[in-house]
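Contents: one structure, followed by commentary.
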Amino acid sequence: MTNRCMTQTSIFAPKRILIDTDPGIDDAAAILLALASPELRVEGLSVVHGNCSVDQGIVNALAVLELAAAEEIPVAQGCPLPLVQPSLLAPETHGHSGLGYASLPPPRAKPLSQHACDFLIERILDAPGELTIVAIGPLTNLALTLRKEPRLAGAIKEIFLMGGAIRHPGNTTPLAEFNIYVDPHAAHIVFHSGIPITLVPLDVTYRCIFTEAHLQKLEQIPSPIPVFLRQATRFYMEFHDQYQGIQGCVINDPLALALTFRPDLCYYQDLYVDVDVSGGVCLGKTFADFYHMMNKPANMKVALEVRAEAFLELFVERIAALSRALLAQEVKRTR
Ligand code: RIB
Ligand code: CA
């Protein structure tokens, strides 16, 4: 099942998206939100190292699609390591499985035999100007794809990029955000590719805290999706409480995904943004030239304010609708 089962229909053709992901707990939530939104058509997932190894990420991506009865969506395995930096995974944040305490059945589907970079090149060149990339992990796959096939820079419609910290502290070093810090050289390539980018940094995602109350609302629906979210986010909430004193968990990736069809949830500024790759204490720091001191044109639209409650309401409402739809499908199947 992809988006066809949803009650709300969009009067416009769905936005065609490819999700580049390091699934990860909030990545899984973003994938479920995409499947729950009739405004989108998920045309594939490319998996990258990050929250967990790319091998584990492939299993998680396939298992989450199966959970949502969307196993027909193709999944391609990408890069296992950053371009230059040593590997950095995040078991303390997402657990060794990458999905916290959740244990989904081993997926029946297999990934494509094609490398993610080749998958992205093929799909994007088949539909120039049609495909939106939602980048919610380190940018290694995208950077390598752009280097392997430079024509892609003119063929990708737009990128919604969860990453960076502009005025907000980092979450991996005091200055840098995880997706960018893990592979700052890849981020540099993507930032300067000329592709239209909407940056969704910690400045806005840290206002979007998914809480126990949101979970309990979803748990009123007897469906495997709220069960999964409970098990996955319980680990994630423990991390946020222990390391940052946050009661709940920051759902970074679902916000970036939501902006592909609800851009009104944030307020933006067109800015020149760069990333430090000099290798010192600022490695991976993203900085915006608010006062135009570098005399360079804006290279991205940066989300700096968010209507957090409206986004969280949308997230819970869509996940609830997907959970109910799956339940109804299950009841019909077992009749
Ligand atoms: O810093 C948050 C980002 O890093 C999210 O995409 C999370 O899933 C991790 O990839
Ligand atoms: Ca992610």
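The values are calculated or read from the model by the stated rules, or taken from the named source; none is laboratory data. Only a predicted model underlies this, so the values are computations on that prediction, with no experimental measurement involved. Here the Cβ positions follow ideal geometry from the backbone for every residue, glycine too, while neighbour counts run over all protein chains shown. Heads up: the accessible areas ignore ligands, DNA and RNA and are worked out on the full protein's heavy atoms, side chains in. Shrake-Rupley method; radii C 1.70, N 1.55, O 1.52, S 1.80 Å.
Can you give the Kirkwood hydrodynamic radius for the stretch 90-151, in Å, rounded to one decimal and based on Cα pairs?
Values: mean 1/r = 0.0700 Å⁻¹.
Radius from the Kirkwood sum: 14.3 Å.
Please work out the ratio of the alpha-carbon Rg of the stretch 97-246 to 2.2 N^0.38 Å and round it to two decimals. Walk me through the numbers before you get to the answer.
Details: Rg = 18.1 Å, N = 150, 2.2 N^0.38 = 14.8 Å.
Here the answer is 1.22, to two decimals.
Could you point to the residue in GLY164, MET237, ALA187 farthest towards the positive end of the stretch 159-237's charge dipole, with +1 and -1 charges on the Cβ of Lys/Arg and Asp/Glu respectively?
Going by the charge dipole, the pick is MET237.
Show LYS217, LYS301, LYS110 ordered by accessible area, largest first, where the area counts protein heavy atoms only and the probe is 1.4 Å. Could the numbers behind the result be given before it?
On the way: LYS217 125, LYS301 75, LYS110 160 Å².
In descending accessible area the options line up as LYS110, LYS217, LYS301.
For a test of the definition: using alpha carbon positions, the gyration tensor, and the 1.5 limit on a/c, classify the stretch 222-324 as rounded, prolate or oblate. Walk me through the numbers before you get to the answer.
Working: a/c = 3.08, a/b = 1.66, b/c = 1.86.
Oblate, because a/c is 1.5 or more while a/b does not exceed b/c.
Where both partners of a DSSP beta bridge lie in the stretch 134-254, what percent of those bridges are antiparallel, to the nearest 5? Before the final figure, lay out each step's value.
On the way: 2 of 8 bridges.
Bridges in the stretch 134-254 that DSSP calls antiparallel: roughly 25 percent.
What lysines could a cross-link reach from LYS148, if we take a straight Cα to Cα line under 22 Å and drop same-chain neighbours fewer than 8 places away?
LYS157
Going from most exposed to least, what order do TYR101, TYR272, TYR181 have by accessible area with a 1.4 Å probe? The partial results should precede the final answer.
Working: TYR101 100, TYR272 15, TYR181 55 Å².
Output order, biggest surface exposure first: TYR101, TYR181, TYR272.
For n ≥ 4 DSSP H runs only, could you compute -39500 (n - 2.57) per run for the chain, divide by its residues and tell me the 222 nm figure to the nearest 500? All intermediate terms of the calculation are to be shown ahead of the outcome.
Working: 12 runs with 128 residues, N = 335.
Calculated from helices alone, the mean residue ellipticity at 222 nm is -11500 deg cm²/dmol.
Give me the one-decimal nm value for the distance between modelled label points at GLU130 and THR211, 7 Å along each residue's Cα-to-Cβ direction.
Label-label distance for GLU130 and THR211, simple model: 4.4 nm.
Of the beta bridges DSSP finds with both residues in the chain, what % are antiparallel, to the nearest 5?
Working: 11 of 36 bridges.
If I count the DSSP bridges inside the chain, around 30 percent turn out antiparallel.
Stokes-Einstein at 37 °C, 0.692 mPa s, Kirkwood radius from Cα pairs: D for the chain in µm² s⁻¹?
167
Restrict the search to the stretch 92-201; then list the trypsin sites (Lys or Arg not before Pro) that DSSP places in a loop and that have at most 12 other Cβ atoms within 10 Å of their Cβ.
Sparse-neighbourhood loop trypsin sites (Lys or Arg not before Pro): ARG108, ARG167.
Can you list the lysines whose alpha carbon sits under 21 Å from that of LYS285, skipping same-chain ones fewer than 8 residues off?
LYS296, LYS301
Modelling each spin label as a point 7 Å along the Cα-to-Cβ direction, I'd like the THR334/ASP270 distance in nm, to one decimal.
Inter-label distance under the simple model: 5.5 nm.
So, with +1 on the Cβ of K and R and -1 on the Cβ of D and E, and no other charges, what is the size of the charge dipole of the stretch 144-265 about its Cα centre, to the nearest 20 debye? It would help to have the intermediate numbers written out before the result.
Numbers: 10 positive and 11 negative charges, 62 e Å.
For the stretch 144-265, the charge dipole is close to 300 debye.
Placing +1 at every Lys and Arg Cβ and -1 at every Asp and Glu Cβ, with all other atoms neutral, what dipole size does the chain have around its Cα centre, in debye to the nearest 20?
On the way: 26 positive and 35 negative charges, 145 e Å.
For this selection, approximately 700 debye.
Report the full-extension gain for the segment GLU313 to VAL84: residue separation times 0.36 nm, less the Cα-Cα distance, to one decimal in nm. Intermediate results must be reported in sequence, preceding the final value.
Numbers: separation 229, 0.36 × 229 = 82.44 nm, distance 3.98 nm.
Extra length from GLU313 to VAL84 when fully extended: 78.5 nm.
Given bins 5 angstrom wide, list per bin the percent of all Cα-Cα distances in the stretch 255-311, short to long.
4, 17, 20, 17, 18, 14, 7, 2
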